[in-house]
Amino acid sequence: MSKKIFSGVQPTGNLHLGNYLGAIKNFVDLNNDIQNECIFCVVDLHAITIKQDRDQLTNNIRETTATFIASGIDPTKSIIFNQSKVHAHAEGSWILSCLAPMGWLNRMTQFKEKAGKDKEKASVGLYIYPILMASDILLYDATHVPVGEDQKQHLELTRDIAQKFNKDFNCDDFLKVPEPLIKKSFARIMSLKDGLKKMSKSDPSDLSRINLTDTKDEIINKIKKAKTDSFPIPNEEKKLIDRPEAENLLGIYSSISNQTLDKTLNEFGGKNFSDLKRDLAEILSNKISPISNEIKKLINDQGYLDKVLLQGASKAEEIAGKKIEEMKNIIGF
Ligand code: AQP
């Protein structure tokens, strides 16, 4: 069955292994299925919900685009563009924010995590971030949205908003209710320094994550320094309870080698973490180094990256521009 895919990544620098295994690797598989129509967005409007440096933001938009292409997304098959170039996203977001109740947004855990204790100082944009995400997805009639597990709640909100719009305006099925595509296992990659914290671009410690631009030596060093515990590796999944760092490293190994956790536990059960770390560093550098080299090459070709984004924006505008006009008509504008 053909799918209409939409997903986005924020150009906030330091794209990492969590972004790759949780999202971008799936984008590539979906791109490779000729039946699918895929749209991958560099969500720069989302990025400014937190203060950004001007030049850094411009570079990060290009670097995220380069990462998509270097990972295997073909810009001649899939649409790649940056969100701020298509006006309908912001317009749709306003319309949907007039319909989504505050109570729904108050439940969003990502806002609570990102705003932290000082939520009075967080931007209003950060609070309504999930509504902009709903607008992104619904404007393209996306049937499926590949995301990491951390975005599941936002996607459920998108579904609720679509249903409410259709009901409030009596326009059955006008906004398509999308399905999440979340990997069943290892959908949340954790920090290398703390197995209870998500691997994240904004973690102040670079040792907490494998960046997609890391060199082979950096990868080896980070895996060597990754936190573990003092017990040997078990051979059964149930023995990983309360061992988040062990579970994370074994999960990363399984995910990058496309094998089950059971198989990895069979391979390493009873061995020391130094054995797992040696093999993990090798398999990661074999996978990440070609992507990293390609990103560095593409970044030097700004003209090409800008052309990909411009052509993508023009195709995206055609789809989203039509949908927003229909939406405005339904409302009565
Ligand atoms: N640790 C993770 N494990 C699995 N998937 C992850 N994703 C992010 N972190 C992990 C998935 O990557 C996609 C793009 O994420 P994003 O850039 O839009 O925003 P994010 O989730 O806020 O990413 P970060 O790294 O955590 O950024 P900061 O530090 O700025 O908050 C999404 O599909 C996400 O699920």
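The values are calculated or read from the model by the stated rules, or taken from the named source; none is laboratory data. As the structure is a computational prediction, the values presented were derived from the model and not from experiment. A quick note on method: Cβ atoms are made from the backbone with ideal geometry, for glycine too, and the neighbour counts reach across all protein chains shown. Just the protein is used for accessible areas: all its heavy atoms, side chains included, with ligands, DNA and RNA removed. Shrake-Rupley method; radii C 1.70, N 1.55, O 1.52, S 1.80 Å.
Answer with yes or no whether L212 is closer than 19 Å to N286 by Cα and within 13 Å of the ligand (Cβ to nearest atom). Yes, satisfied. If you check T67 against the conditions, is it in a helix (DSSP H, G or I), under 20 Å from V145 (Cβ atoms) and within 13 Å of the ligand (Cβ to nearest atom)? For T67, the condition - in a helix (DSSP H, G or I), under 20 Å from V145 (Cβ atoms) and within 13 Å of the ligand (Cβ to nearest atom) - is met.
Pick out the one residue from H89, H154 that is over 30 Å from S289 (Cα atoms), touching a Pro at 6+ places or on another chain (Cβ under 6 Å), modelled with pLDDT of 95 or more and within 15 Å of the ligand (Cβ to nearest atom).
H154
Every residue in segment 274-319 that is among the β-branched types (V, I, T) and closer than 27 Å to H87 by Cα, please. Outline the logic, then answer.
Here is the first cut: in segment 274-319, the residues among the β-branched types (V, I, T) are 283, 288, 291, 295, 299, 308, 319.
Once the filter is applied, which keeps residues that are among the β-branched types (V, I, T) and closer than 27 Å to H87 by Cα, segment 274-319 yields I299, V308, I319.
I'd like the residue in segment 112-141 that is at pLDDT below 95 and part of a helix (DSSP H, G or I) and, out of all such residues, is least open to solvent (accessible area, probe 1.4 Å). So, considering only residues that are at pLDDT below 95 and part of a helix (DSSP H, G or I), the one least open to solvent (accessible area, probe 1.4 Å) is A115. Filtered by the rule that a residue be of a type in the set (G, A, S) and either more than 9 Å from the ligand (Cβ to nearest atom) or over 24 Å from A226 (Cβ atoms) (or both), segment 171-204 gives S185, G195. Against the test of being part of a loop (DSSP other than H, G, I, E, B), open to solvent by 20 Å² or more (accessible area, probe 1.4 Å) and among the hydroxyl-bearing types (S, T, Y), the options T76, T58 yield a single qualifying residue, T76.
Number of residues in segment 195-254 that are in a loop (DSSP other than H, G, I, E, B) and not aliphatic (A, V, I, L, M) equals 23.
Please go through segment 79-96 and pick out each residue that is open to solvent by 30 Å² or more (accessible area, probe 1.4 Å) and either in contact with a strand residue (DSSP E or B) (Cβ under 7 Å, 6 or more places away or on another chain) or in a helix (DSSP H, G or I) (or both).
Initially, segment 79-96 is screened for residues open to solvent by 30 Å² or more (accessible area, probe 1.4 Å), giving 84-85, 87, 90-91, 94.
S84, K85, A90, E91, W94 - these are the residues of segment 79-96 that are open to solvent by 30 Å² or more (accessible area, probe 1.4 Å) and either in contact with a strand residue (DSSP E or B) (Cβ under 7 Å, 6 or more places away or on another chain) or in a helix (DSSP H, G or I) (or both).
Looking at segment 21-42, which of its residues are open to solvent by less than 10 Å² (accessible area, probe 1.4 Å) and either closer than 21 Å to Y129 by Cβ or within 12 Å of the ligand (Cβ to nearest atom) (or both)? L21, G22, I24, F27, F40, C41, V42 - these are the residues of segment 21-42 that are open to solvent by less than 10 Å² (accessible area, probe 1.4 Å) and either closer than 21 Å to Y129 by Cβ or within 12 Å of the ligand (Cβ to nearest atom) (or both).
Which members of segment 43-55 meet the condition of being within 12 Å of the ligand (Cβ to nearest atom) and in a helix (DSSP H, G or I)? The answer is D44, L45, H46, A47.
Assess whether L15 counts as being more than 21 Å from L139 (Cβ to Cβ), within 13 Å of the chain's Cα centre (by Cα) and touching a residue at least 24 places away in the same chain (Cβ under 8 Å).
Numbers: more than 21 Å from L139 (Cβ to Cβ): yes; within 13 Å of the chain's Cα centre (by Cα): yes; touching a residue at least 24 places away in the same chain (Cβ under 8 Å): yes.
Here the answer is yes, as L15 does meet what is asked.
Here is the figure for segment 219-244: residues that are surrounded by 18 or more Cβ atoms within 10 Å (Cβ to Cβ) and closer than 15 Å to L17 by Cβ total 5.
Would you point out which residue out of K176, K164 is part of a helix (DSSP H, G or I), open to solvent by 50 Å² or more (accessible area, probe 1.4 Å) and either of a type outside the set (K, R) or in the same structural domain as K322 (by TED's automatic domain parsing) (or both)?
On the way: K176 fails: part of a helix (DSSP H, G or I).
Testing whether each residue is part of a helix (DSSP H, G or I), open to solvent by 50 Å² or more (accessible area, probe 1.4 Å) and either of a type outside the set (K, R) or in the same structural domain as K322 (by TED's automatic domain parsing) (or both) leaves just K164.
Restricting G312, G270, G303 to those that are open to solvent by less than 90 Å² (accessible area, probe 1.4 Å) and modelled with pLDDT under 95 reduces the list to G270. Exactly one residue out of M1, M108 is closer than 26 Å to D141 by Cβ and modelled with pLDDT under 95: that is M1.
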